[in-house]
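Below is one structure, written out as structure tokens; the observations come after it.
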Amino acid sequence: MSAIDVLREHFGPRLLVEAERRAPYETPERGAPGHAEAVLLPDSEAEVERALKLANEHRLHFVLSSGRTGLVESQRPEGEVVLSLEKLRGFLAFTLADGRECRFERSESPDAVRNRLFAWWSDLGKPELADSTVTIEAGLAVDTLNEILAPLGRMFPMEMGSTASASLGACVANASAGANAVCYGTAAHMATAAWGFWGDGSATGPQAASSWVRPATDQLAIDSTRLPPAWGLVGSQGVFGVITRVQLRTQPIPATREGALLAVASMPEAMRVFSLARETFGSNIEEFEFLSRSAVELVLRRKGGDVRLPFEHTPDAPYLVLMQVKSDLPDEDLAQKLYAFCSETAGVPDEAIGYAPLPALKKIRHSVTEASNLEMRALGGGRLSFDTATPVSVFGDYLAQLAGELRAARPDVQLVDFGHAGVGGAHLHLIGGQGAPVAPDAARLTKIVFDVTQAFGGTFSAEHGVGPKWATEFLQRTPRARLDELAARKRRHDPLNVLSPRSFGFDRLLAG
Ligand SMILES: Cc1cc2nc3c(=O)[nH]c(=O)nc-3n(C[C@H](O)[C@H](O)[C@H](O)COP(=O)(O)OP(=O)(O)OC[C@H]3O[C@@H](n4cnc5c(N)ncnc54)[C@H](O)[C@@H]3O)c2cc1C
């Protein structure tokens, strides 16, 4: 009996082998489609355990998939079986800081959970919710959790363009960051416990990351090339084990939020504003995002019908920064406080301060990726995309040097840079032109990005992970001692390299 027949015997209709049913799982968010031998949809933690044990017995390899929004091709199969966690999406419990708990059947719908949870809390007399947690299955999507929590005035603060589908288990496994990491840390930091199975099928948990401490400006705030050993499954990107259940700390939905778009003369100038803002607003800076001039022009060119810059005259500035602040005090005049800060404390001239309702400002920032997609399709020259970070203290100099070197190498390529300035994170899109594709120069341009990032003490993967996409570069650029340590952990927890076998280059690392 073949290994696939064994899976079919155990999982029946939850093993998909037909080409048209496999197809959606073979297509990654970005990159070329792959090929899956089959797709397995376990419906409980026990079934995940059984799948892993069978894979070890029958020498099968799995790639993990959940919301399928990952950007480093980890979920893209190349002959492996896809192990999808999409059926593990139960909301299991809401727990107050004093231990009182409301439990749910994993089959209850999000609507039913939301209503019953609110009724339970109301019946208790609406007690204090500080330090409350939720326990959920790994495949539950971020937005679904937030819809359940909203009536309680609580949230899981993960702001990414992918939260409608991205699963919470993946966010914890990938230490996903998002626009508000400057305030709350990564999803790994917001998880108080994770449970699951190592690649060899043995159960593990609870495990947790250390709590989020705002790093000093000369340190890297986010770096998804690191897999801290003490965190266990958390942050380990599915290479040692599968997270099946997590407990997450909830946060209050702020009573009020305000934002401003500031035109700044340079990135060091933006960082000066950021540092002053930290003195004024402390941990109430929820986001500090940047868009380069090329990103703004791209948005206006491709999405101009949907967005409007909040300035009388479009400022002639190399960068715009979007600063979002919050307050838990309903009566605080946050708009006035923000204006006084921008104008008096930071000394930004009035014509460089753009005010508009926060959703309109955020729409500008969130339109960059779609505008870049439209541009790439229209020009047909392809795109290289990177997700880097450096310490905040050198972020401005880093972007300037990178732009200079890329321009010298390929003046015809558009560099669109934007991202999370508050944690030193940059998304870089290099878009080829008509008749001037980027692909022939991919290796050279990638080397420039990686070399400059390394020279500034940065990381080539800030928050998206390593996956197979950056496996070669990871093996080339990681010190031998760290590679040996990772290989030892892989041999301990997943000796047959059942899980995510090509991520981080483990197939080559173990063979070597
Ligand atoms: C438009 C868009 C915007 C994005 N913005 C951001 C952003 O701002 N910040 C950011 O960090 N990311 C961002 N992402 C990337 C992505 O949403 C995150 O990486 C997210 O964690 C992926 O969740 P998923 O459920 O879709 O995972 P999938 O794509 O299904 O899986 C990807 C990989 O994650 C690992 N994984 C998934 N589930 C588990 C599990 N339960 N246990 C162990 N490993 C697991 C596996 O290696 C798997 O192959 C964005 C993606 C898109 C498409």
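Taken together, the values in this text are just the output of simple stated rules run on the coordinates, not laboratory data. This one's a predicted model, so the numbers in the text were calculated from it and none came from an experiment. Note that each Cβ is placed from the backbone with ideal geometry, even for glycine, and that neighbours are counted across all protein chains shown.
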Which aspartates and glutamates have a Cα less than 12 Å from the Cα of LYS53, not counting those fewer than 8 places away in the same chain?
ASP200, ASP494
Could you compute the net charge surrounding ARG492? Neighbours are other residues with a C-beta less than 14 Å from the C-beta of ARG492; K and R count +1, D and E count -1.
-1
Output needed for the stretch 180-303: three equivalent-ellipsoid semi-axes, defined as square roots of 5 times the C-alpha gyration tensor eigenvalues, in descending order, whole Å.
35, 18, 15
For the pair ASP123/ASP328, report the inter-label distance in nm, with labels modelled 7 Å from Cα in the Cβ direction.
2.8
Least to most buried among LYS326, LYS126 (fewest other Cβ within 10 Å first)
LYS126, LYS326
Of LYS363/LYS490; LYS326/LYS447; LYS87/LYS469; LYS362/LYS469; LYS326/LYS469, which sit over 31 Å apart, Cα to Cα?
LYS363/LYS490; LYS326/LYS447; LYS326/LYS469
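Give me the dipole magnitude in Debye, nearest 20, for the stretch 186-304 about the Cα centre, with unit charges on the beta carbon: positive for Lys and Arg, negative for Asp and Glu. Working shown, then result.
Working: 11 positive and 10 negative charges, 53 e Å.
About 260 debye.
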Suppose the chain between SER107 and ASP316 were pulled fully straight at 0.36 nm per residue; how much longer would it get relative to their current alpha carbon spacing?
69.8 nm
Step through the residues of the stretch 76-82 one at a time and calculate ³J(HN,Hα) from phi using the Karplus curve (6.51 cos²θ - 1.76 cosθ + 1.60, θ = phi - 60°), rounding each to whole Hz and writing x for Gly and Pro.
8, x, 10, x, 6, 8, 8
Share of Cα-Cα pairs in the stretch 256-365 beyond 23 Å, in percent?
22
Between the stretch 36-78 and the stretch 125-175, what is the separation of their alpha carbon centroids in Å?
24
Filter the GluC sites (Glu not before Pro) in the stretch 33-121 down to the DSSP loop ones having no more than 12 other Cβ atoms within 10 Å, then list what survives.
GLU105
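What fraction, in whole percent, of alpha-carbon pairs in the stretch 153-244 exceed 22 Å separation?
Working: 1063 of 4186 pairs.
Tail fraction, whole percent: 25.
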What dipole magnitude, in Debye to the nearest 20, does the chain give about its Cα centre under +1 on Lys/Arg Cβ and -1 on Asp/Glu Cβ?
980
Across all Cα atoms of the stretch 1-99, Rg and the largest Cα-Cα distance (Dmax), in Å, are 15.0, 53
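Can you tell me how the stretch 91-252 classifies by the Cα gyration tensor, rounded, prolate or oblate, using a/c under 1.5 as the rounded cut?
The shape class here is prolate.
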Where Rh is the Kirkwood radius over Cα pairs, Rg/Rh for the stretch 471-511:
0.93
Helical contribution to [θ] at 222 nm, DSSP H n ≥ 4, -39,500 (n - 2.57), averaged over the chain, rounded to 500
-10000 deg cm²/dmol
Farthest positive-ward along the chain dipole, Cα basis, beta-carbon charges - from THR459, ALA3, LEU298:
ALA3
In nm, spacing of pseudo-spin labels at ALA488 and ALA442 (7 Å Cα→C-beta vector):
3.5
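Dividing the Cα convex hull volume of the chain by residue count, how many Å³ per residue is that?
On the way: hull volume 78.0 nm³, N = 512.
Taking the convex hull of the Cα positions in the chain, it is 152 Å³ per residue.
Going by average Cβ density within 10 Å per residue, which order do the peptides 408-416, 221-229 take, highest to lowest?
Descending mean neighbour count gives 221-229, 408-416.
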Pulled fully out, how much extra length does the chain show between ARG301 and GLN434, if you take 0.36 nm times their separation in residues and subtract their Cα-Cα distance?
46.2 nm
Label-point separation (nm) for GLN401 and ALA164, each offset 7 Å from Cα along Cα-to-Cβ?
4.1
More than 18 Å apart: what percent of Cα pairs in the stretch 369-455 qualify?
40
Place a point 7 Å from the Cα of ARG226 along the Cα-to-Cβ direction; which residues of the stretch 416-434 have their backbone N under 19 Å from it?
420-426
